[in-house]
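*Asks:* If you scroll down you'll find the structure; I have some questions about it.
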Amino acid sequence: MPSGLRNPNIRVTTGFLDTVDDDFSGGGSASPGFAPGQRGGKVSLGSGFPTDAVGVKFSSAFKTPLTTIPRGSFQYVETLSTDSLQPAQGLIAFWHDRANYIVKTSDTNLKDRMGVYLGAPTKGNLCFVQCFDEGGIGYVKAGAAVTPAAQDKVYPAADATATFAAAATPSDANSEAEFGLALSAKDAATALTLVQFLGAE
């Protein structure tokens, strides 16, 4: 089983972290794919992180309202084929099966939040998700009814969007699922908010 460690030879089939949508591990048209051992593998990009995926970047379709490029750790995972909601940029990925690196867009336990989707992969396919618990910054979609402000604490909501609170101890029973600190208000066009991820404790 993959270790989940960073892999300088991880295969990014499209060259863009946000557009990878692999039927099989590492791409290809038949099992086991071109890189069967890379499921769960990670790459790190950006200032302060060891760049171990030279040439890998984000596509022109990736929305950056503040023109800030995400940096941090990105894990190669499978999306749940029977998920109720289509993954999309900024939605939160929750663990469905940690041992097999399968994520989904909703969970009854908000503490199972894993990271944020970079694009809109096909359900059941493999893609890259930015990890919350390893620091870095990235864009998370705010809920329709919330109006985040810079320095608000960030938590997952059940619909895979983010909710925010300025209070030190939010009333939400799942407040221990906090994963970051807002760095901006919500973008009016995309609802994306720039977030500093907490990193491992």
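Here, each number is a calculation from the coordinates, and none is a lab measurement. These numbers were taken from a predicted model, which means no experiment stands behind them. Every residue, glycine among them, receives a Cβ derived from its backbone with ideal geometry; neighbour counts consider all protein chains shown.
*Asks:* Please list 3J(HN,Hα) in residue order for the stretch 140-145, calculated via the Karplus relation 6.51 cos²θ - 1.76 cosθ + 1.60 where θ = phi - 60°; whole Hz, with x for glycine and proline.
*Replies:* Using θ = phi - 60°, the values come out as 10, 7, 7, x, 4, 9 Hz.
*Asks:* Taking amide H positions as placed 1.01 Å from N in the peptide plane, with prolines and chain starts having none, which residues 5 or more places from Ile10, or on another chain, fall under 5 Å of its amide H?
*Replies:* It is none; the list stays empty.
*Asks:* With θ set to phi - 60° and the Karplus curve 6.51 cos²θ - 1.76 cosθ + 1.60, what are the ³J(HN,Hα) couplings of the stretch 12-19 in order, to the nearest whole Hz, using x for Gly and Pro?
*Replies:* Along the stretch 12-19, the couplings run 10, 4, 8, x, 10, 4, 7, 10 Hz.
*Asks:* Right, another one. Counting Lys and Arg as +1 and Asp and Glu as -1, what is the net charge of the other residues whose Cβ lies under 12 Å from the Cβ of Asp152?
*Replies:* Every neighbour counted, the sum reads +1.
*Asks:* Right, here's the next one. How large is the convex hull of the Cα atoms of the chain per residue, expressed in Å³ as a whole number?
*Replies:* Enclosed volume per residue, from the Cα hull, is 116 Å³.
*Asks:* Treat the stretch 139-197 as a sphere of radius equal to its Kirkwood radius over Cα pairs and apply Stokes-Einstein at 4 °C in a medium of 1.567 mPa s; give the translational diffusion coefficient in µm²/s, rounded to a whole number.
*Replies:* Estimated via Stokes-Einstein, D reaches 117 µm²/s.
*Asks:* Enumerate the calculated ³J(HN,Hα) couplings along the stretch 31-46 in order (Karplus 6.51 cos²θ - 1.76 cosθ + 1.60, θ = phi - 60°), each rounded to whole Hz, writing x wherever the residue is Gly or Pro.
*Replies:* Karplus values, whole Hz, x for Gly and Pro: 5, x, x, 7, 9, x, x, 8, 4, x, x, 10, 10, 10, 9, x.
*Asks:* OK, next. For His96, list long-range residues whose amide hydrogen, built 1.01 Å from N in the peptide plane, is under 5 Å from its own amide hydrogen.
*Replies:* The answer is Ile102, Val103, Lys104.
*Asks:* Taking amide H positions as placed 1.01 Å from N in the peptide plane, with prolines and chain starts having none, which residues 5 or more places from Thr122, or on another chain, fall under 5 Å of its amide H?
*Replies:* Under 5 Å from the amide H of Thr122 lies no amide H from a residue far enough along the sequence or on another chain.
*Asks:* Give me Ser25, Ser60 sorted ascending by neighbouring Cβ count inside 10 Å, so fewest comes first. Can you show the working numbers first?
*Replies:* Values: Ser25 22, Ser60 7.
Lowest to highest Cβ neighbour count: Ser60, Ser25.
*Asks:* Relative contact order for the stretch 139-197 using alpha-carbon pairs under 8 Å, separation at least 6, rounded to a whole percent?
*Replies:* 42 percent.
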